[in-house]
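First up is the structure itself, then whatever we jot down about it.
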Amino acid sequence: MCVTEVSGKSPRHAADPGSLPERNNGAGRHSVEQPDDAVTEVIPVVVEAPVAAADEPAASASAAPAAAAPAGPPGETRLAAKRRLRRRPRVGLLVGGLFAVLAIAYGIDLFVSSGSVPRGVTVAGIDLGGKDKGEAEAILRDRLGERSEQPVAVAIGDLRSEVVPVAAGLQVDVATTMDAVGSQPLNPITRLTSFFTTRETDVTSVVDDAALTAAVTDLAASTDRKPVEGNVVFEGAEPVPVKPAVGQTLDVEGAKVALIAGWADENPVELPVEVGGVAVDATAVDRAIEEVARPAVSSEVVFTGRDNKSAVLRPELVGAVLTFVPDGRGGLAPEYNRDAATAILAPQLAVTDVKPKDAVIAVDSGFPRIVPAVVGDMVSWQKTLDQLPALLGASGARTATAIYEPVQPALTTEGATGLGIKEVIGEYSTGGFESASGVNIRKVAQVVNGAIVKPGDTFSLNGFTGPRGLEQGYVESGVIDHGRPAKAVGGGISQFATTLYNATYFAGLEDVTHTEHSYYISRYPEAREATVYEGAIDLQFRNNTSSGILIESFGNSSNVTVRIWGTKTVDVESVTGDRYAQTQPESVTLPKGDDCVASKGAPGFTTSNTRIISDRASGNEVYRHTRTVKYDPVPIVKCE
């Protein structure tokens, strides 16, 4: 047995192991003493020799130790080292055995679970882990197929609704969903953790986009709402708060994505919405009621006028005048509708008003005479109502004085004088009408008589007369309806229109629009006549002279006359062309009765009229225009 002693330079070998001295603490020498009764085993110790110099021979291979053992911790005894080395094989065997057991268990688990869904897998909350794939597929098909036919709760902002998935084009794609479930994992760590964890797999859906879009659009129609601003309204004399409410608009495309992703889950599906905010909060509404609205309806507001007359704004009418709008700072600002207040108050003081009167140009004894205008003196409600906000907010007396101001007439005396209306510049008469038509002709002549058209203005017969019905004094008379004689209230007005058109024609006024009858009427000049129909066909002309014009019109039982007064500057010539392209009438048979007006008929034809206007002072032609008119044949009407 040998003991290797390590010094600072080179190893030495002791010849007698029994003579080992105690350990020398001096530098470079080490010895170990064993008890006499101990079983002695020499533990070889490997000592790293110093690196030989380049010129020294390498140590022989026989000088190296036969085997190397790992060094123990400092101070370890030979016995301890021996025991440590004896334990190592035992630990290794234990570890190897455990590994073998785990490997066997892994293999058994993999074999047993082959063909099954991985442990811990759920789909739409349905536990499929460990189930045979065929069984799992059947469960999915059954459970999710049933779920697709049941209403699914959806949350749309603060509203709730329902969607039936299959009706919205949503069904489960079982095969693709099972593919996403996956196969048994090979990673042992994953297999081990699957005993304690779950893994949710998303449902893959079959989507009918058209049906889904229609369903979501229907949801939007029933749930979208505009923001409701905080406001104050009045119910009679009681101010009522309108609480603010945000608006919302369903995001259709986002809702489709959310439904596809979540319809199969048992939880309500949250659908995205765009929220529209409000500018006025509830506190501002309450403040507007207490500070403005309630004081406004606390008592009547009175405006006193002339002759001890007054106009009263009662509390129950305040709501028509006082409204509120956002002030841009989260509050409400009062607004006062002066037009509404005027509509309520003005009639109550109308008897105190002196209304203005326009100057009138009347024709007496064949000469125009000016009746002077009257300047009015009326309540200026715009100025009077400047006091309204303070009055509505007052807690004491709520009375103010109406403010009167002069009001000028539309046509002053000076203005009428300056129009230059002094002579007849155009005149025309027609006759031959029947009794009922005469009533209407004289009525419209009376309405139009005295009309003044200022230079540059356009006169509209329909616009000037307004409605021509029973309430206005017109009666039923003959008209032309769809090319055939008929009856209607206001019949005969076309004869006045023809008379007025010819008077303006010879006055040299500009023709803006007119329409001839559909067939020729013998009492009118060919291609120089006009018809009118309330709301559809009008007669209009423009005063293209430098002076004003006055329309004088009157009628009797046999004829109607229209004169145009002004300052004459032109002469007018009318040239009517020959008839040509005649057409023969058709025969029509209608049931007897008031609606059937018999007619012998007449042929249709085409003709023309040329108006030539010359300057009165020089005689030079200044305008020429030819109008061609086609008349339909008058049908032969039989009443049987």
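The values are calculated or read from the model by the stated rules, or taken from the named source; none is laboratory data. Keep in mind that this is a model prediction, so the values were computed, not measured. In this analysis, Cβ positions are derived from the backbone assuming ideal geometry, glycine residues included, and neighbour counts consider all displayed protein chains.
Points worth noting:
- Residue 498 meets each of the listed conditions (1) under 30 Å from residue 638 (Cα atoms); (2) in contact with a Lys or Arg (Cβ under 9 Å, 6 or more places away or on another chain); (3) without any contact (Cβ under 8 Å) to a residue 60 or more places away in the chain apart from (3).
For (1) touching an Asp or Glu at 6+ places or on another chain (Cβ under 8 Å); (2) crowded, with 22+ Cβ neighbours inside 10 Å; (3) more than 21 Å from residue 613 (Cα to Cα), each residue gets a yes or a no:
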position: 448; (1), (2), (3): no, no, yes
position: 457; (1), (2), (3): no, no, no
position: 467; (1), (2), (3): yes, no, yes
position: 493; (1), (2), (3): no, yes, yes
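- Scope region 575-602; condition out of contact with any strand residue (DSSP E or B) (no Cβ under 6 Å at 6 or more places or on another chain) and closer than 27 Å to residue 500 by Cα; matching residues: 578
- Flag for residue 614 being out of contact with any Ser or Thr (no Cβ under 8 Å at 6 or more places or on another chain), part of a strand (DSSP E or B), modelled with pLDDT of 95 or more and over 30 Å from residue 440 (Cβ atoms): yes
- Qualifying residue in region 210-221 (condition: touching a Gly at 6+ places or on another chain (Cβ under 8 Å), over 30 Å from residue 172 (Cα atoms) and surrounded by 14 or more Cβ atoms within 10 Å (Cβ to Cβ)): no
- When residues of region 526-547 are limited to those that are in contact with a Phe, Trp or Tyr (Cβ under 9 Å, 6 or more places away or on another chain) and of a type outside the set (A, V, I, L, M, F, W, C), the one nearest to residue 417 (Cα to Cα): 543
- Looking across region 315-337, the residues that are of a type outside the set (D, E, K, R) and more than 18 Å from residue 299 (Cβ to Cβ) come down to 323, 324, 325, 326, 328, 330, 331, 332, 333, 337.
- Region 234-245 residues that are touching a residue at least 60 places away in the same chain (Cβ under 8 Å) and in the same structural domain as residue 287 (by TED's automatic domain parsing), paired with ones that are surrounded by 15 or more Cβ atoms within 10 Å (Cβ to Cβ) and outside any loop (DSSP other than H, G, I, E, B) (beta carbon under 9 Å, 6 or more apart): none
Conditions tested, residue by residue: (1) within 30 Å of residue 557 (Cα to Cα); (2) in a strand (DSSP E or B).
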{"position": "387", "(1), (2)": "no, no"}
{"position": "390", "(1), (2)": "no, no"}
{"position": "395", "(1), (2)": "no, no"}
{"position": "414", "(1), (2)": "no, no"}
{"position": "421", "(1), (2)": "yes, no"}
{"position": "426", "(1), (2)": "yes, yes"}
{"position": "429", "(1), (2)": "yes, yes"}
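- Selection status of residue 256, surrounded by 17 or more Cβ atoms within 10 Å (Cβ to Cβ) and either in contact with a strand residue (DSSP E or B) (Cβ under 9 Å, 6 or more places away or on another chain) or charged (D, E, K, R) (or both): yes
- Test result for residue 479, modelled with pLDDT of 95 or more, outside any helix (DSSP H, G or I), assigned by TED's automatic domain parsing to the domain that holds residue 588 and under 28 Å from residue 579 (Cβ atoms): no
- Selected residue [in the same structural domain as residue 525 (by TED's automatic domain parsing), buried (at least 17 other Cβ atoms within 10 Å of the Cβ), over 55 Å from the mean Cα position of the chain (by Cα) and free of Cβ contacts under 8 Å to residues at least 60 places away in the same chain] from 618, 614: 614
- When region 558-601 is filtered for residues that are within 59 Å of the chain's Cα centre (by Cα), among the polar types (S, T, N, Q), surrounded by 14 or more Cβ atoms within 10 Å (Cβ to Cβ) and under 27 Å from residue 437 (Cα atoms), the ones remaining, listed by number, are 561, 599.
- Among residues of region 507-523, those that are modelled with pLDDT of 95 or more and surrounded by fewer than 20 Cβ atoms within 10 Å (Cβ to Cβ), counted: 5
- Residues that are under 21 Å from residue 449 (Cβ atoms) and free of Cβ contacts under 8 Å to residues at least 24 places away in the same chain were ranked within region 367-394; the one that is surrounded by the most Cβ atoms within 10 Å (Cβ to Cβ) is 371.
- In region 530-588, the residues that are charged (D, E, K, R) and at pLDDT below 95: 534, 586
- So residue 429, is it free of Cβ contacts under 8 Å to residues at least 40 places away in the same chain and either in contact with a His (Cβ under 7 Å, 6 or more places away or on another chain) or among the polar types (S, T, N, Q) (or both): no
- Output for region 324-347, where each listed residue is among the aliphatic types (A, V, I, L, M) and under 20 Å from residue 231 (Cα atoms): 325, 332, 333, 340
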